[in-house]
Amino acid sequence: MSAGRIREEAQIAAVALLVAVAAGSVLIVAAGASPVRVWGALLGGTLGDGYGISQVLFRATPLALTGLAVAVALRVGLFNIGVEGQLVAGMCACAVVGARLPGGTPAGVAVLACGLAAMAAGGALGAVTGALRAYRGAHEVITSIMLNAIVAGVVLWLGDRALFVGGTTRTADVIAAAQLPGLGAAGSSLSWAAPLALGVTAAAAWLLARTRPGFEWRAVGASPGAAATAGIDVRRAMVAAMTASGALAGLAATHYVLGYKHAYEDGLGRGAGFMGIAVALVGRGHPGGVIAGALLLGMLAQGGLEVSDHVPRTLVLVLQGVIVLAVAAAAPLVQRRRGS
Amino acid sequence: MSLADAVLSTAFAAQAVKIALPYACAAAGGAVTERSGVIDLAIESKLLWGAFAAAVAAHATGSIAAGVVAGMAAGAAVGVLQLVLGVVLAADQVVVGVALNLASYGLTRFLLEVLYQSSANSPQTVGVGSAVWTSPVAWLAVIVIAVVALGLARTPLGLRIRAAGDRPDGVATAGLSVTRIRLWALVIGGAVAGLGGAQLALAAHGFSAEMSGGRGYIALAIVILGGWRPGVAALVCLMFGVIEALQVQLQLAKVGVPDQLTQLLPYAVTLVVLVIAPRRARPPRALGQVP
């Protein structure tokens, strides 16, 4: 990214944060609390000590991966709302493979096998969504919402029939070798899934910026017609990008299943897919921005627990929406000023 | 009672219509919005605010009519906000829709706590319950959908809305304001979707958090299936209502299919229809574009 582009993105972020703080302060006053104390509690509880920082990173980890998934699909101009279902499929596949590995499997092999299973399950769903769009013209927003509902039902049914341990809605634990060790301050659930997610993000940034598929995806996203004229197979690019997007969504299973619960249970990771959309939008579709967005929204998610003495914790849900709206509205304003 | 008897009963028809009407309002409103050239991913938010405002007004006044008016006004207000962000400020309309939905889930819960000290439910309000044929709100919805469908196809304003979505530059050349026409479309579309939300709240005698439950997204799917025609979309909603009601009957009849799978029926059918439906309809040419 050029220095000018970075300055522009920083301006967009600054405007969005100011709007969010202003809107949040109005709501805090409306709820009869003191903005200074609420913002203080939010910052102190998230960035004030090792536990708070660990928890912010813990909450940011899956959001970085689901945000990245949405960002990759946005490169070809597709809007992947199916991340939620792709993540569920990934977690299920990850937990099933992890529990059935032979006892003596080395840790590296076990984690790799579980990660690949999660990517395959999520990627397959992404591929279906991409193919329906590319070859049948079915709008990806609609098909992926339908697939989310279908996956949720099928997983419950399969779980009931075969996967869940008798009478519960939880699968068997993955073998010890597949469990990612903890990493955070005492009491925090932060695990090695966090650095893993950072590495995946770096790899995705390289893929998008430096490789031929990355270039083709960007060309298709900018103008499918022009890309086709330039000899790019637009349909194949759409399917490939959606497959990669679904695989990244599935990979968030490494955080939930291997790093956190060591099994899949009904409701695990719920909402992380939709929050990934917010993360990608706040991050303006760039991997670096996705990390920043995941940290910001992760901090708000953790901060909700800290401010609940003063205001309803649902305040942070509002703030997340306001930040996305403000980024969306600030972007054309900042860019227009540069253009004129 | 056998499954066949249950499906052929008037109670079944009432249930199908009851399920279909909120969808039909949401889809008809979404069709009007999209025909003016504005992508309507905020239908979910309009349903949610329609339900919230209807419950608050019905609770405060004890009047169903006040609830309906408040619900429609709230839906229209979301439409205006969508216009300011997505047309006047020219922010990405898909982003605006998703962000409005996100913020609305949070803000309605926040206001529930501020107003009623509960993050889950409003107090019980007046309402129409499960009545359909005797419910004035249901008949109002049918009339509103018919008026919107006819109005879009046959009135000067309808023509202008369609022109704003297909040829905004032509509208501007004719000396009309595209933004003002889209304002009308979003206010009307928002009010109709808000009416759908009001039905949800008045049927349940109150508001509960995330009451819209993803109906807005399915309504958008139906807008596309219906070829961006509000009347056709409303009929598709009726079909959808029949499938959902059938799914309930299948569960009650215990035909041996697991509940988890019968619940998927509406989604699976929508997906299959989307994939196999002939693609004669095309989206408005200038959908998502700001002049």
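The values are calculated or read from the model by the stated rules, or taken from the named source; none is laboratory data. The structure displayed is predicted, hence computed values, not measured ones. Here the Cβ is made from the backbone with ideal geometry for all residues, glycine too, and neighbour counts use every protein chain on show.
Tabulated data
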{"item": "Any hit, the range B:127-144, residues being surrounded by 18 or more Cβ atoms within 10 Å (Cβ to Cβ), touching a Gly at 6+ places or on another chain (Cβ under 7 Å) and either closer than 30 Å to A:V334 by Cβ or among the small types (G, A, S) (or both)", "result": "no"}
{"item": "Residue match in the range B:275-282 (condition: outside any helix (DSSP H, G or I), at pLDDT 85 or above and under 23 Å from B:G151 (Cβ atoms))", "result": "no"}
{"item": "Positions within the range A:251-288 being touching an Asp or Glu at 6+ places or on another chain (Cβ under 7 Å) and either hydrophobic (A, V, I, L, M, F, W, C) or surrounded by fewer than 24 Cβ atoms within 10 Å (Cβ to Cβ) (or both), in sequence order", "result": "A:H262, A:A263, A:F274, A:R284"}
{"item": "Hits in the range B:237-251 - residues which are over 21 Å from the mean Cα position of the chain (by Cα) and either of a type in the set (G, A, S) or within 13 Å of another protein chain (Cβ to nearest Cβ) (or both)", "result": "B:Q247, B:Q251"}
{"item": "Helices (runs of 4 or more DSSP H) wholly inside the range A:218-288 containing at least 2 residues that are farther than 30 Å from A:V318 by Cβ and among the basic types (K, R)", "result": "A:234-251"}
{"item": "Members of the range B:232-261 found to be surrounded by 18 or more Cβ atoms within 10 Å (Cβ to Cβ) and farther than 23 Å from B:L8 by Cα, listed by number", "result": "B:V232, B:A233"}
{"item": "Pair list, Cβ < 6 Å and 6+ apart or interchain, from the range A:61-82 residues that are more than 13 Å from chain B (Cβ to nearest Cβ) to residues that are modelled with pLDDT of 95 or more and not in a helix (DSSP H, G or I)", "result": "A:P62/A:A252; A:L65/A:A252; A:T66/A:A252"}
{"item": "Test: B:G170 is of a type outside the set (K, R), over 23 Å from the mean Cα position of the chain (by Cα), more than 14 Å from chain A (Cβ to nearest Cβ) and in a loop (DSSP other than H, G, I, E, B)", "result": "no"}
{"item": "Selection from the range B:252-273 of residues that are within 7 Å of chain A (Cβ to nearest Cβ), part of a loop (DSSP other than H, G, I, E, B) and aliphatic (A, V, I, L, M)", "result": "B:L264"}
{"item": "Helices (runs of 4 or more DSSP H) within the range A:22-108 that include 1 or more residues among the aromatic types (F, W, Y)", "result": "A:35-47, A:50-75"}
{"item": "Condition check for A:I232: farther than 26 Å from A:V38 by Cβ, touching a helix residue (DSSP H, G or I) at 6+ places or on another chain (Cβ under 7 Å) and within 14 Å of chain B (Cβ to nearest Cβ)", "result": "no"}
{"item": "Filter result (among the hydrophobic types (A, V, I, L, M, F, W, C) and within 11 Å of A:E265 (Cβ to Cβ)) within the range A:156-167", "result": "A:L163, A:F164, A:V165"}
{"item": "One residue from A:L319, A:L296, A:L305 being hydrophobic (A, V, I, L, M, F, W, C) and without any contact (Cβ under 8 Å) to a residue 40 or more places away in the chain", "result": "A:L296"}
{"item": "Yes/no for B:V84 being β-branched (V, I, T) and surrounded by 24 or more Cβ atoms within 10 Å (Cβ to Cβ)", "result": "no"}
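Conditions (1) within 14 Å of chain B (Cβ to nearest Cβ); (2) within 18 Å of A:N80 (Cα to Cα); (3) over 13 Å from the mean Cα position of the chain (by Cα); (4) not small (G, A, S), marked per residue:
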residue	(1), (2), (3), (4)
A:A249	no, yes, no, no
A:L258	no, no, yes, yes
A:A263	no, no, yes, no
A:G273	yes, yes, no, no
A:G285	yes, yes, no, no
A:V316	yes, no, yes, yes
A:P332	yes, no, yes, yes
